[in-house]
Structure formats: C-alpha cells, structure tokens
Amino acid sequence: MSLEQRARENIDRLLTAAGWLVCDADKVNIHVARGIAIREFPLKSGHGFADYLLYVNGKAAGVIEAKKVGVTLTGVETQSGKYTQGLPDGLPRWSNPLPFSYQSTGAETRFTNGLDPAPRSRSVFAFHKPELLTEWLNNPPPNTAQQSLPQYYQTGSTFLARLQQMPPFREEGLWPAQIKAIQNLEQSLRENRPRALIQMATGRHLVHLPADQVAGARRVLFLVDRGNLGDQTLKEFQQYASPYNNFKFTEEYIVQRLTSNVLDTTARACICTIQRMYAMLKGRELPEDLEEASVDKLGGLFKQPELNEYNPSIPIESFDIIVTDECHRSIYNL
C-alpha cells in the first residue's frame, strides 16, 4: 500500500468515527445523512479535484486536502483554500468560498475556519462532527426569537470572533499581578494563540471569562493532577461570586466534578484529573484512589504513554478552553 493510500484510509476512518458518511462521487446521495464526505469530487475547470468535499445538511460546506504522511501541512492551506472556491456553479453551498477547509495526512490534521476573523490553519486532533459545523453555520439558530438569544450571538458567529469583543473586566479585589495576567491572557486569546502559560504565586480568581453572556464558550475543562485539588477547585468555584452580577459561579453555570467516566453534556465547566481524562480518552475505567497518585508514579502511564486515538464519546469540540493547573509539575517534558 502506498503512503497516499494509507493516508486516505486513515482519513476515511477518522471521518467515519466523527460521524461522517464517506462515499464516492458517483454513488452519493447528499440527503441521506447530515454529514457527507465525497471522495475525489470534480471541481470547475482550473480547480482540479477536491480530495474530499464535505456536505452538511444537503449543502457544500468545506473540503479536505489529503497528503501522504510526512508532508508539511502548513504549506497546504493555500491549496485547500483554492478548492473552497472551485465548486461548480449551481450546486447548493453554504457560502462562496466554502467556509471550512482541512489539510490532513491521516496522522496529522489542520483546520481553517473561514468564519473566523483573519482565518488561519491550526492543528486539530481529528475532524469535527457535522453537528458542530451545523451549529457554526446556523448561528444564531434558525427560528429563534431575537430577544431570547444570548448576548454573545450579537458579537460574532464563532468563539474566536466573540473573543474580539470581550468587555473590560472588573478589577476590584484583584492583585496587580492577577490583573496583568488576565489582561495578557485575554490579549493572547484575541490573537488566536492556542497556548498560554501563566506563572504566578497564586491564580485564585484569575479567570474572569463571562462565557455565556460574552464569548459563548460551550464548555471549559479545568485539569488538575490530584483528586484533592479537584475538590479544592470545586469549592473555589462554589464560593466565587461574579463581580458582574454577584451570582456564585455554580449558581450561574453547571459545574461537573468528574469522578466517573461520564461527561455531563449540560455542564459548562468540568473539573477533572489528568489521570481520569487520559483513562476516558482510552475508554478505560479508573479507580478513584489512582486520582491521588502522582502522574509520575503511575507505572509509566505518562512517562511512556500510549498514543491516544479518537474517542467518539469525547469529540475534539468537547471543550473550547482547557486550563491545566500545576502544569510545570504534571506535564512538563511528558
């Protein structure tokens, strides 16, 4: 099997796991499923073939440019961008150019969201589910009264777009170092930087992200490396009163302290140990007592970790933000 064929097989597998129906161009029925991935779709003259054309709810929404393993994907975004503009006239589409494009080797995948301000590709673990692309495309949701919409729908169609409109946060009760950290973190988020490191003696009351009213974050994951730190984090959330409306955090948002492998899809914030999240991604049960063990004492679990594979029950869109507490102790060089 050639490297190209192996890449296509891996891409087919990832798409299927994420809920896409993969088929050939001569056997397609775009209405048989919400998400259809059509192989080798012929584009209009001068645009060649799309390795995969993605249909969502009966309309073209994006493309996937497939490359063999080893190809540097950061140079492929321009090529896939060309394909988003090559759909033959008369075919149903969400927009022109198509809003979404992926570049993938089956082992590595990058994604460009054309709905973002200043779109650019970023690394993703796998493909998004068709349901999420539908949510982005139907923003705000159809048949919804304007007065009943959350405020964040007025500030952008994607999470990154809404981050550009974050209001000034209230500084009462914060130390100068905390104020500076929050300001720098929000600036980093606005600039679409996927990772940020905060180093300070105390981070209490650090995150002032009115997720529901402003940015529309669907879910935030707070990772700790000990079970007792998860309990402590939950207590902090329960005691923290928002300076915007004086509600306790847990009165305003559903917070889940994960003590089993079942993710509450209604929760807006989840507190979990690294040990349990790793087990969840691997589809394994984890006794609660192992959550108190240091990650470097778990029999090589993190020193020589197995590669994580896509778990359909925890798709890549499960969390918009992940906060790793004590990251210098838990995951540095691991």
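The values are calculated or read from the model by the stated rules, or taken from the named source; none is laboratory data. All values reported here derive from a predicted model rather than from experimental measurement. All Cβ positions, glycine included, derive from the backbone under ideal geometry; neighbour counts span all protein chains shown. Please note that ligands, DNA and RNA were not included when accessible areas were found on the heavy atoms of the full protein model with its side chains. Shrake-Rupley method; radii C 1.70, N 1.55, O 1.52, S 1.80 Å.
Restricting to the range 1-45, name every residue that is closer than 23 Å to Asn138 by Cβ, of a type in the set (A, V, I, L, M) and in contact with a helix residue (DSSP H, G or I) (Cβ under 7 Å, 6 or more places away or on another chain).
Ala37, Ile38
Could you say whether any residue in the range 87-96 is touching a Phe, Trp or Tyr at 6+ places or on another chain (Cβ under 6 Å) and modelled with pLDDT of 95 or more?
No, because not a single residue in the range 87-96 is touching a Phe, Trp or Tyr at 6+ places or on another chain (Cβ under 6 Å) and modelled with pLDDT of 95 or more.
For the range 20-62, enumerate the residues that are within 24 Å of the chain's Cα centre (by Cα), assigned to a strand (DSSP E or B) and of a type in the set (A, V, I, L, M).
Once the filter is applied, which keeps residues that are within 24 Å of the chain's Cα centre (by Cα), assigned to a strand (DSSP E or B) and of a type in the set (A, V, I, L, M), the range 20-62 yields Leu21, Val22, Ile36, Ala37, Ile38, Leu53, Leu54, Val56, Ala60, Ala61.
If a residue must be touching a residue at least 12 places away in the same chain (Cβ under 8 Å) and under 21 Å from Thr134 (Cα atoms), how many such residues does the range 32-49 contain?
7
Give the residues of the range 255-293 that are over 12 Å from Arg219 (Cβ atoms) and among the charged types (D, E, K, R), sorted by residue number.
Once the filter is applied, which keeps residues that are over 12 Å from Arg219 (Cβ atoms) and among the charged types (D, E, K, R), the range 255-293 yields Arg257, Arg276, Lys282, Arg284, Glu285, Glu288, Asp289, Glu291, Glu292.
Please pick out the residue among Arg204, Arg162, Arg218 that is open to solvent by 80 Å² or more (accessible area, probe 1.4 Å) and at pLDDT below 90.
Arg204
Name the single residue, out of those in the range 32-61 being charged (D, E, K, R) and either more than 20 Å from Glu108 (Cα to Cα) or in contact with a Phe, Trp or Tyr (Cβ under 7 Å, 6 or more places away or on another chain) (or both), that is surrounded by the most Cβ atoms within 10 Å (Cβ to Cβ).
So the first thing to find is which residues in the range 32-61 are charged (D, E, K, R), and the list is 34, 39-40, 44, 51, 59.
Checking which are either more than 20 Å from Glu108 (Cα to Cα) or in contact with a Phe, Trp or Tyr (Cβ under 7 Å, 6 or more places away or on another chain) (or both) leaves us with 34, 39-40, 44, 59.
Values: Arg34: 17, Arg39: 21, Glu40: 14, Lys44: 12, Lys59: 14.
By that ranking, first place goes to Arg39.
Just to verify a result, which residue in the range 5-19, among those that are surrounded by fewer than 16 Cβ atoms within 10 Å (Cβ to Cβ) and farther than 23 Å from Ser313 by Cα, is farthest from the chain's Cα centre (by Cα)? I'd like the intermediate steps shown before the answer.
Filtering the range 5-19 down to residues surrounded by fewer than 16 Cβ atoms within 10 Å (Cβ to Cβ) leaves 5-6, 9, 13, 16.
Those left that are additionally farther than 23 Å from Ser313 by Cα: 5-6.
Working: Gln5: 28, Arg6: 26 Å.
Residue satisfying both the conditions and the ranking: Gln5.
Going by the structure shown, is Gly70 out of contact with any helix residue (DSSP H, G or I) (no Cβ under 7 Å at 6 or more places or on another chain), in contact (Cβ under 8 Å) with a residue 12 or more places away in the chain and open to solvent by 70 Å² or more (accessible area, probe 1.4 Å)?
yes
Restricting to the range 20-31, name every residue that is loosely packed, with under 15 Cβ neighbours inside 10 Å and either touching a residue at least 40 places away in the same chain (Cβ under 8 Å) or farther than 21 Å from Leu98 by Cα (or both).
Within the range 20-31, Asp26, Lys27 qualify.
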